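First the structure, in the form of structure tokens, and then the observations on it.
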Amino acid sequence: MDNVKTKKTIKDYLPTRRRLIQLYAALLHNANLKGYLSGQIFTGNTKYLCAPGLNCYSCPGAVGACPLGALQNALASSGNRAPAYVLGILMLWGLILGRTICGYLCPFGLVQELLHKIPSPKIKKSGLTRALTWVKYVILAVFAVAIPLWYVRQHIPMPGFCKYICPAGTFGGAIGLLANPANEQSLSMLNILFTRKFVIMAAVFALCVFLYRPFCRFLCPLGAIYGMFARVNVVGVKVEQSKCTGCGLCVGSCKMDVRRVGDHECIHCAECVDVCPTGAIALRAGKRPLREKKKDKAPGAGRYVAWALALAVLLGALVYFNGPDSPGGAAPAASQTVPEDDTPVGPEVGQRGPDFTAPLYGGGRFSLADTRGKVTVINFWATWCTPCVNELPHFEKLYQTYPEDVAVIAVHSDLVTDDVDAYLANFDYTIPFALDEEGVVAAYGGSTMLPQTIVLDRNGIVTYNKVGSVTYEVLESLVTPLLEE
């Protein structure tokens, strides 16, 4: 009789309530659907907000900031200001939800679970997997904290985890952007670093097929942070000790490496609720039960109201981010026109560079028209872009070498605002720095990829316009032939 299989009903094939919440959260994290069509990153005001789950800022659909990426960037800027905002947001998410975020709201957690659905032999948890769970705390300490702080002394932004490891960034950000033909020119920026990260991503995805949520269990620094709030988070799986018999079925059936229900490895998926023979376990928000052991009763009206409100929020977000008047940078700037033949927007080599004016940091304005008669070099950069800040000295050297014949302007991208004045105060740069307030980057065909360099001859004709890092030798080789004309 034990081998008799129960016939499955339609209900058995429908997604669970938790799966629906995961899908809902993934779509809400990436509500900027038109970003996938345009190949552009959303740059609206909601990008100042830290979303709860691991979702790359550079993903074309992302409408919020990744809390882990924001933490690293804040630490990288800690020489200018304390990262109070990001730390406060992480504490808020941790105190309210903790690793419930991992189980319900993290888009990359959903990706791992869907991959684990692929039929294959499964690796069960063991003493080894339990020991490996401490690796994510090492990664948090070294890559997410120590490396950004180490480079602060050199005034170089270095989000170690994002740059060297994060498979969510490789999948959602890099591949999400590079898969769009609009970013074809950015393929030339790929190097061994991308290859290594791609291999890490592929290895994580392959391991997901055989092992339940391996990235979440062994590598994720964000999960490590949220796990620190396991004893105090308001929403999570709780045990009523008076009903608990200590049978251990909850821990034994859990796919995560928990030692007890609700500890720092628990993602509060609440699957243990139905396993508990005494009904001692429930998913609660404070004292209010959100999920208890299944009972034969119809769902209350409150649940329908909650789902209706959630659906209204999602529909509102989709309209807000994808409507004709939606904010952000997914759509072309107003000053741009998109050719019907899908040729790149912006001046190509041999065309005249469009004139522009831009406000300068420290006061005044820069006008491109005033540089006629000189060779002009335009650099698009950002304080949070490591290759950008590494190459700024090359532009300064060029400016100092040819002060009478070469004009240089460094335009800071408005993709993310930063305290640029405070950053520049650490250096003695003499080149002018401007803010892209009026679509300068868009006018020159700029994408969300930085850095970008444009060279104009004495008559304002574009002789070079590419995304990617340059050396001083490259800059000089581009400029000196124009000076001889």
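The values are calculated or read from the model by the stated rules, or taken from the named source; none is laboratory data. Model, not experiment: these values are computed from the prediction. No Cβ is skipped: glycine too gets one built from the backbone with ideal geometry, and neighbour counts run over all protein chains shown.
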Subject >> Members of the range 40-53 that are over 17 Å from E437 (Cα atoms), among the small types (G, A, S) and surrounded by fewer than 21 Cβ atoms within 10 Å (Cβ to Cβ) >> reply: none
Original post:
When the range 38-71 is examined, which residues are found to be among the small types (G, A, S), over 16 Å from D414 (Cα atoms), part of a loop (DSSP other than H, G, I, E, B) and touching a residue at least 40 places away in the same chain (Cβ under 8 Å)?
Top reply: G39, G53, G61, A62
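Sort through L110, L105, L95 and tell me the only one that's modelled with pLDDT of 95 or more and either crowded, with 23+ Cβ neighbours inside 10 Å or under 17 Å from F161 (Cα atoms) (or both).
L105
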Original post:
Only one of (1) assigned to a loop (DSSP other than H, G, I, E, B); (2) in contact with a strand residue (DSSP E or B) (Cβ under 9 Å, 6 or more places away or on another chain); (3) at pLDDT 80 or above; (4) not aromatic (F, W, Y) is not met by P289, so which one is it?
Top reply: (1)
Original post:
Do you know which residues across the range 240-260 are touching a strand residue (DSSP E or B) at 6+ places or on another chain (Cβ under 9 Å) and surrounded by fewer than 21 Cβ atoms within 10 Å (Cβ to Cβ)?
Top reply: E240, K243, C244, R260
Original post:
Could you say which residue among A230, A224, A310, A282 is touching a Leu at 6+ places or on another chain (Cβ under 8 Å) and touching a residue at least 60 places away in the same chain (Cβ under 8 Å)?
Top reply: A224
Original post:
How do the pairs read when you match residues in the range 255-279 that are free of Cβ contacts under 8 Å to residues at least 40 places away in the same chain with residues anywhere that are among the polar types (S, T, N, Q) and part of a helix (DSSP H, G or I), using Cβ under 6 Å and keeping only pairs 6 or more apart or on different chains?
Top reply: V275/S253
**OP:** Answer with yes or no whether G363 is of a type in the set (G, A, S), under 15 Å from A434 (Cβ atoms) and either part of a loop (DSSP other than H, G, I, E, B) or in contact (Cβ under 8 Å) with a residue 40 or more places away in the chain (or both).
**Re:** yes
Original post:
Within the range 357-368, is even one residue among the basic types (K, R) and buried (at least 18 other Cβ atoms within 10 Å of the Cβ)?
Top reply: no
Original post:
Hey, G252 hits all of (1) in a helix (DSSP H, G or I); (2) over 30 Å from P387 (Cα atoms); (3) at pLDDT 95 or above but one; which does it fall short on?
Top reply: (3)
Original post:
Counting just the residues of the range 346-360 that are assigned to a loop (DSSP other than H, G, I, E, B) and under 34 Å from the mean Cα position of the chain (by Cα), which one comes out nearest to L456 (Cα to Cα)?
Top reply: G353
